[in-house]
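Written out below as structure tokens is the structure these notes cover.
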Amino acid sequence: KRLRTRFLELYLNSVEKMLQAKMKKEVQFNQIPPQKKGQFIAAIKKEIQNNLETNAYEVLDPVTSEEIRRTAGEKIVKSRFVLTEKPIEQDDVEKARKDGILLEDKGGESSKAKARHVMKGFRETNAEELETTTPQCARDSVLCVLQLICSHFWIPGYLDFTQAFHSGDQIDREVYASQPSECGLPGYHPRQLLKLKK
């Protein structure tokens, strides 16, 4: 039994290392090489379009934005883009090329530009009173699943849930966000605010 547990722990460590190798570090917008900047701008536009289509937020007009800045400035949080070079499978290369976000086409080492628009919710007024926990998988659960994988000779894989943020519940309070300072929302005035809905 001890050997089996040790084996599962080693297997879990190797899976974690594999997943960490798949992840790339965040890149700063002003440090992106000119030949890759277009792909990251396309990724930003795609992210904004997804947020608008799923009603995660709405962009307020300039007049309303200035009114909120004057009357409810404490309800405005900052936002930023998290930009990464994400490894992709060979099957996803053509879609990334079509979307204009393909960075490298190198077979099993291909990558695409990825942008996530994140809100700095920790700066929200009374943030310490809001429920912010997320479901986590316990160590025992992971070891149990690994035992099942080994016992059934299954081949492990991974699954990426896209746009999970957009499946969230509607917010029942008034919260606004400013545009990211590094590049803003393409096509909008930099002073326009976002009204957060999810």
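Determine the order of Tyr188, Tyr158, Tyr57 by accessible area, beginning with the largest, at a probe radius of 1.4 Å.
On the way: Tyr188 85, Tyr158 120, Tyr57 5 Å².
Largest accessible area first, the list is Tyr158, Tyr188, Tyr57.
Students often get this wrong, so check it: of Lys46/Lys106; Lys25/Lys197; Lys95/Lys195; Lys37/Lys198; Lys37/Lys75, which have C-alpha atoms separated by over 26 Å?
Details: Lys46/Lys106 23 Å; Lys25/Lys197 29 Å; Lys95/Lys195 31 Å; Lys37/Lys198 29 Å; Lys37/Lys75 32 Å.
In this structure, Lys25/Lys197; Lys95/Lys195; Lys37/Lys198; Lys37/Lys75 exceed 26 Å between Cα atoms.
Given a Förster distance of 35 Å, report the FRET efficiency between Gln136 and His189 from their Cβ-Cβ distance, rounded to the nearest 0.05. Spell out each step's value before the answer.
On the way: r = 40 Å, r/R0 = 1.15.
According to the calculation, E is roughly 0.30.
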Gain upon complete extension [Val63, Phe153; 0.36 nm per residue less C-alpha separation]: 26.2 nm
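The values are calculated or read from the model by the stated rules, or taken from the named source; none is laboratory data. Just so it is clear, the structure is predicted and the values come from calculations on it, not from any experiment. Note that each Cβ is placed from the backbone with ideal geometry, even for glycine, and that neighbours are counted across all protein chains shown. Side chains are part of the model used for accessible areas, which takes the heavy atoms of the whole protein and leaves out ligands, DNA and RNA. Shrake-Rupley method; radii C 1.70, N 1.55, O 1.52, S 1.80 Å.
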